[in-house]
Amino acid sequence: MDSEFYLTSRNQEKSLPLNDEQFRELKRSRKRLSLIYAIVHKFRLVKCNFALIEKQMAQLGVLYASHRDVARIEELKPQLNAAINNYILSARIFTSQLKRHVQGCLPLERDLIRELSDAMDEEYQRSFAYRFVDALYDYVTYYGLSCHAFQSRSTLIEENGEQVRRYDFHAYVERDFIGGPADFRASILAETPERVDIRALLTEFNTSLSRLHDMAINMTKEVFDQSHDTISEFVNVFIGQFGAQYANVFVVHKTRAFGDKVYDRFPISMYVNNHNLSDDLMCGEQ
């Protein structure tokens, strides 16, 4: 195939030639960075959904404590159920794709992939929260509701020499409401208490996901650094030659076999110095 490889600006005002090996290295580096960023983004989505659950529970807690605005309470209840379902979905997306993302970065490191797989199995075996949320995904896929009961409690505490009333709000999954073994995974249902506190459940589950996220980031750290350095070098060369106004850089593979058709084109500068993700990528370091 009669091919041409080059770097170009977004609107193709400027271009810089590449050889075949440089093109392949940039494509490989871009794929690896994309996979690692996918791990981070999916874990962020889990955390964002958890924050939304906590926010809605706080709002419901205030309403329950005040005994006012019943209509608003009834409006927030399905919203909380939706937020919990979204959390469960985002968690399943993270756990189901984590190993594949790491494997895409480390295709020859079978021992590391096995280690990650074993770690996921270990989290499942040692944590009821992990097992329950995993089973709850299948349940809400068919039946929808993940939250069945609420409880608001108040206590008097002394604060700065004064008695202050504090309110504690909880949301629960009720075992009786998730059906029998035909509706919910039988082995998990057998170990489920009558009432499961949702905040405590998801907090424990987040801890398991955090360990898996950090493990994956540590495993791919060297590949990330190498890939980031490779792309940074080419982006900096392009900017150095044409100026910062052309910092949005693309890689192009064009073939003349079919009339100068662009066979492949992908951006690379978006993967350089992505400060929005820097904290997440460093969190696995010791």
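The values are calculated or read from the model by the stated rules, or taken from the named source; none is laboratory data. In this text the structure is predicted, and so the values were computed from the model without any measurement. All Cβ positions, glycine included, derive from the backbone under ideal geometry; neighbour counts span all protein chains shown. SASA here: full protein model, heavy atoms, side chains in, ligands and nucleic acids out. Shrake-Rupley method; radii C 1.70, N 1.55, O 1.52, S 1.80 Å.
A few remarks follow.
- Restricted to region 68-91, and to residues there that are among the polar types (S, T, N, Q) and crowded, with 16+ Cβ neighbours inside 10 Å, the residue that is modelled with the lowest pLDDT is 81.
- Looking only at region 113-127, and only at residues there that are of a type in the set (D, E, K, R) and either within 18 Å of residue 202 (Cβ to Cβ) or modelled with pLDDT under 95 (or both), the one that is least open to solvent (accessible area, probe 1.4 Å): 123
- Entry remark, region 18-40: residues being part of a helix (DSSP H, G or I) and either free of Cβ contacts under 8 Å to residues at least 24 places away in the same chain or buried (at least 19 other Cβ atoms within 10 Å of the Cβ) (or both) number 14 in total.
- Filtered residues of region 238-270 (kept if within 18 Å of residue 33 (Cβ to Cβ), touching a strand residue (DSSP E or B) at 6+ places or on another chain (Cβ under 8 Å) and surrounded by fewer than 17 Cβ atoms within 10 Å (Cβ to Cβ)): 248, 264, 265, 266, 267
- Enumeration of residues in region 142-197 that are open to solvent by 60 Å² or more (accessible area, probe 1.4 Å), small (Gly, Ala, Ser) and modelled with pLDDT of 85 or more: 187, 190
- Residues in region 92-112 that are assigned to a helix (DSSP H, G or I), open to solvent by less than 20 Å² (accessible area, probe 1.4 Å) and out of contact with any Phe, Trp or Tyr (no Cβ under 7 Å at 6 or more places or on another chain): 98, 101, 102, 105.
- Hey, residue 136 out of contact with any Ser or Thr (no Cβ under 8 Å at 6 or more places or on another chain), in a helix (DSSP H, G or I) and touching a residue at least 24 places away in the same chain (Cβ under 8 Å) or not: no
- Test: residue in region 55-67 that is among the hydroxyl-bearing types (Ser, Thr, Tyr), more than 17 Å from the chain's Cα centre (by Cα) and open to solvent by less than 50 Å² (accessible area, probe 1.4 Å): yes
- Neighbours by Cβ (under 7 Å, 6+ apart or cross-chain): first from region 62-81, in a loop (DSSP other than H, G, I, E, B); second surrounded by 15 or more Cβ atoms within 10 Å (Cβ to Cβ) and not polar (S, T, N, Q): 69/63
- Close contacts from region 216-234, counting a first residue that is touching a residue at least 24 places away in the same chain (Cβ under 8 Å) and a second that is charged (D, E, K, R) and not in a helix (DSSP H, G or I), with Cβ to Cβ under 9 Å and a gap of 6+ residues or different chains, come to 217/285; 218/285; 219/109; 221/285.
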